[in-house]
């Protein structure tokens, strides 16, 4: 139940409101001055504060900054015996939730409480989803390229610089954008994403700027645009290189001026936002081809960040696979299956053209459809078994040399691969290679494979 404080110098008002609210099961405290109200607020946490405009030791409005600083989650409802529109407007501007005129009726008081409770529920829901989303933006991986990516994100997030994220489809560019936002000073404000490729030219202004009721046919209500929604937060422009040149010109103008008007209105709206964009295209080549404005490219890519494809972060493949297996097993309330050695090898030698998205979707499918406790190659899509990457860095040159040397080189590559597959678990490696542990130790040392 809500904890409520009534600040009013009239004893009959205090008693009336306490009787009404306690009958409904709420906790109610009462006091009659600004000084004592400050003591109450310092010692207790209140969901609602009913505050009289005129008090013996000052104006109720003077208490609003104190409440904002010491009890920021409290909803303040101003009450007054004299209808005064300028004071009511000022109170709302300074953060009051509502303004009520005396005499107060039970219906008015309870209607106000109901509105506050709805607001609290909405706020709690938003906080829940924000917390849930923040948990889902963790970037999984320990490979050198991902460690460097995390370092870049942490460094860039603290600034207000605009960022362009480059990378293939499915690499996690939106995840990087959200990670920057939620580590930045703007994290408590909106993260608004927009797929630029999905917006036709004729709808650009309506989507970005919004419109007033009656601005055009079928504009039955006012709509807030993406730019306005992102005020004080982050605007994420996904697939930005797929915008038409005319849309690019409109976007550049508004991003430089940070001002725009809704369709059907002449009123200028000023926004403060950070822009993060993303593309899977080579932006410089798009500029050279004349399909992307160079001035917009310069404006958006103050700091470019490259997200590596999955094939360039081999060390993370099995880590990600097991992470998604656990995640989808929990969601579907089943025991997580285990990847067999042959599947691990297939994963490490597969190109992953769809990158992390492809791996994620595959793991979800395997959790749902696989009835065995172990996943084998037969459970994988057929194309995965034929799409194997060429590992030039690990290929053995075919040159005439002593067989002993060739055998040692093959042995070295086999152990090196096993160290990756089994994440340096020497017992598992010895078992897979069918040698005893002491021999494995000796060979690792012999081939300088120690970390």
Peptides 319-332, 269-282: what's the order by average Cβ count within 10 Å, highest mean first? 269-282, 319-332
Can you give me the angle between helix 173-182 and the longest principal axis of the chain, using Cα atoms only, in degrees from 0 to 90, rounded to the nearest 10? 40 degrees
With Cα coordinates, the longest principal axis of the chain makes an angle with the long axis of helix 403-421, in degrees rounded to 10, of 20 degrees
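Which order do the peptides 64-75, 235-246 come out in when sorted by mean C-beta neighbours inside 10 angstrom, highest first?
Details: 64-75: 15.2, 235-246: 20.4.
Ranked by mean Cβ neighbours within 10 Å, highest first: 235-246, 64-75.
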Counting pairwise Cα distances across the stretch 147-246, what percent come out greater than 17 angstrom? 58 percent
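Send over the per residue convex hull volume for the stretch 139-308, Cα only, as a whole number of Å³.
Working: hull volume 19.5 nm³, N = 170.
It comes to 114 Å³ per residue, whole-number rounded.
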Could you list 162, 352 in order of exposure, starting from the residue whose Cβ has the fewest other Cβ atoms within 10 Å? 162, 352
Before anything else, pin down the relative contact order of the stretch 333-377: Cα pairs under 8 Å, at least 6 apart, normalised by residue count, whole percent. 71 percent
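When only C-alpha pairs under 8 Å and at least 6 residues apart count, what is the relative contact order of the chain, in percent?
Details: 625 pairs, mean separation 49.5, N = 451.
Relative contact order comes out at 11 percent.
Based on alpha-carbon positions alone, could you give the equivalent ellipsoid semi-axes of the stretch 1-68 from the gyration tensor, as √(5λ), descending, whole Å?
Values: eigenvalues 72, 41, 15 Å².
Equivalent-ellipsoid dimensions as semi-axes: 19, 14, 9 Å.
How high is the relative contact order of the stretch 3-128? Use alpha-carbon pairs under 8 Å, at least six apart in sequence, and give a whole percent.
21 percent.
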Given the chain, what whole percent of its Cα pairs are spread farther than 33 Å? 59 percent
So the angle from the long Cα axis of helix 245-257 to the longest Cα principal axis of the chain, reported in degrees to the nearest 10, equals 50 degrees
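Peptides 338-345, 440-447: what's the order by average Cβ count within 10 Å, highest mean first?
Values: 338-345: 16.9, 440-447: 14.6.
Per-residue mean Cβ counts within 10 Å order the peptides as 338-345, 440-447.
Values in this text are rule-based calculations from the coordinates and carry no lab data. Keep in mind that what you see is a predicted model, and the values were worked out from it rather than measured. Positions of Cβ are generated from backbone atoms using ideal geometry, with glycine treated the same way; all protein chains shown enter the neighbour counts.
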